[in-house]
Each structure stands twice: as C-alpha cells, then as structure tokens.
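To keep things clear, I will list the structure first and then write my remarks on it.
The values are calculated or read from the model by the stated rules, or taken from the named source; none is laboratory data. The model shown is predicted, which means the values in this text are computed figures rather than measured ones. All Cβ positions, even for glycine, are placed from backbone atoms using ideal geometry, and neighbour counts span all protein chains on display. Only protein heavy atoms, including side chains, enter the accessible area calculation; ligands, DNA and RNA are left aside. Shrake-Rupley method; radii C 1.70, N 1.55, O 1.52, S 1.80 Å.
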Amino acid sequence: TVKFDQVGVTSSFVNIKASGTMEAIRYDADMDLAKLQSELGQFVDLGGYKLAGRAVETGQITIEPNHITVDGAAQVTDLAISSPNNVTASEPKAIVSFGLEIDQEQNILALNTVKADTSFGKVDIKDGVIPLGKEAKKPMKLGVTASVIDLGRLRPFAVVFGSLGEDKVLGGIAEAQVDITSQKDTYKVSTQNAKIRNIEYGSVGQKPFKQ
C-alpha cells in the first residue's frame, strides 16, 4: 500500500490537498466558481449562464474494485448564477453533505444520501440511482424531500432558469416529496404530500392571489 502524508494541487481556480493511500484518499478543496467556469468553458457549455462564488469541500474517496465511494461535505458561499439576459439569483451560504458511490459493474451512480441546507429551505435525497449510460443495470430513481421551502427566496432562481417570469410575484412556504423515475427513455415525475402555506402569486403592480 502506497501512503502519502500530503499532496497539493494549486491552480488559478482551485487548491486541493490530499493525504492517505491510493485506496483511501482524504481531501480538502477550495474552489473559485467563476474562475472554474472560465477554465472549463472550452469543454462545458452552460448556455450563457455564469457562476460566481466560493466552494470549500472536504471528504474521503474510497477506491475498491469496480466501486468508488465519495463521502464529504461542502460549503458554498456568495453563490451567484446569472442568466443569458443578465438576471441574477444569489445564495449567501449553502451547506451540502453527501455520500455517493460509482458502481462500475452496474454502471450507475448511487446517491446514498445528499442533504442541502440553504437560505430558501432544505432538500434531501436518499437511496437515489442515476444511470451512467445505456448499459446501466438499474433505471433512474430519485426521491427528493423538500422542506420549509421559502418560495419568495426561491423565486429569483425560478426567474433565472426561465420557469417564472420577471414580472411575477411568488411567496409562501412549501413542503413536498418528489419522485423521479425512468424506464428506457421515458421519465416520470410524481409529487406526494405537497403542501403550501400562505401562498402568494401574481404580477408586479397587481393585487396578488393569496391563500
């Protein structure tokens, strides 16, 4: 077994420190999202969207035959996402913890647990499956639990991604269980136990609908 006390990688957009063995690697990463997008822009097209902010992540990568497991946590601060028409949504601080597994035998990504705590609410994913190709042995299965979602704070993101007009008013507190499944090339999205309290919806300058 090869052991290393610390290996560092430094670039204009990320600083990474790693230690451990080739089978179990502990890592710390500090990324500038704007610079990361700039560097990866020649390979990844985000369709005119721009990112800014900082992500600090720590975790462990475990490598076994046909399996790679990643367990860790990340904190994203001062996140800003701008659309091609210069509409921006921001998130001052989001904390994400995750446990992921790449199963090369079944050709799937298993989301054992993903938890995100943001300024607009909490999102949890447990025992999710994402196929990594047509030869995947399992179909997509994602169970997403959204709780205490502040629609007013979520609204800017809906506007940025085009699902809500800039002239629309949105408010309220939502909770829901969303299940996403697939069979061949067909995807099914179903919602359970959806609840919205103190909903407010309308257009700017007009009296909104409230309930």
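Observations on the model:
- Odd one out for Gly171 among (1) open to solvent by less than 60 Å² (accessible area, probe 1.4 Å); (2) free of Cβ contacts under 8 Å to residues at least 24 places away in the same chain; (3) more than 20 Å from Val76 (Cα to Cα): (2)
- Of all residues in region 144-157, those satisfying the criterion of being surrounded by 15 or more Cβ atoms within 10 Å (Cβ to Cβ) and part of a strand (DSSP E or B) are Val144, Thr145, Ala146, Ile149, Asp150.
- Residue, most open to solvent (accessible area, probe 1.4 Å), within region 174-186, restricted to residues that are of a type outside the set (Val, Ile, Thr) and part of a strand (DSSP E or B): Gln183
- The sole residue among Val123, Val204, Val189 that is open to solvent by less than 50 Å² (accessible area, probe 1.4 Å) and not charged (D, E, K, R) is Val123.
- Scanning region 1-16 for residues that are open to solvent by 80 Å² or more (accessible area, probe 1.4 Å) and either modelled with pLDDT of 95 or more or not in a strand (DSSP E or B) (or both) returns Thr1, Val2.
- For region 61-78, the candidate set comprises residues that are under 18 Å from Asn15 (Cβ atoms) and not charged (D, E, K, R); within that set, the residue that is surrounded by the most Cβ atoms within 10 Å (Cβ to Cβ) is Val76.
- Flag if Lys115 is over 28 Å from Asp185 (Cβ atoms) and either touching a residue at least 12 places away in the same chain (Cβ under 8 Å) or among the hydrophobic types (A, V, I, L, M, F, W, C) (or both): yes
- Out of Lys137, Lys141, sole residue that is surrounded by 17 or more Cβ atoms within 10 Å (Cβ to Cβ) and modelled with pLDDT under 95: Lys141
- Members of region 79-131 that are under 24 Å from Val14 (Cα atoms) and either in contact with a His (Cβ under 6 Å, 6 or more places away or on another chain) or charged (D, E, K, R) (or both): Glu91, Lys93, Glu101, Lys115, Asp117
- Given (1) modelled with pLDDT of 95 or more; (2) farther than 27 Å from Val144 by Cα, index of the condition Ala52 fails: (2)
- Test result for Leu164, crowded, with 17+ Cβ neighbours inside 10 Å, free of Cβ contacts under 8 Å to residues at least 40 places away in the same chain and not in a strand (DSSP E or B): yes
- Residue check for Ile81: among the β-branched types (Val, Ile, Thr), crowded, with 17+ Cβ neighbours inside 10 Å and touching a residue at least 40 places away in the same chain (Cβ under 8 Å): yes
- Within region 90-106, residues that are touching a residue at least 40 places away in the same chain (Cβ under 8 Å) and farther than 27 Å from Val159 by Cα reach no partner that is of a type in the set (A, V, I, L, M) and open to solvent by less than 30 Å² (accessible area, probe 1.4 Å) with beta carbons closer than 9 Å at six or more positions or on different chains.
Yes or no, residue by residue, for (1) assigned to a strand (DSSP E or B); (2) of a type in the set (Lys, Arg):
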site	(1), (2)
Gly48	no, no
Val56	yes, no
Ile63	yes, no
Ile68	yes, no
Ala80	yes, no
Pro84	no, no
Lys93	yes, yes
Val96	yes, no
Thr113	yes, no
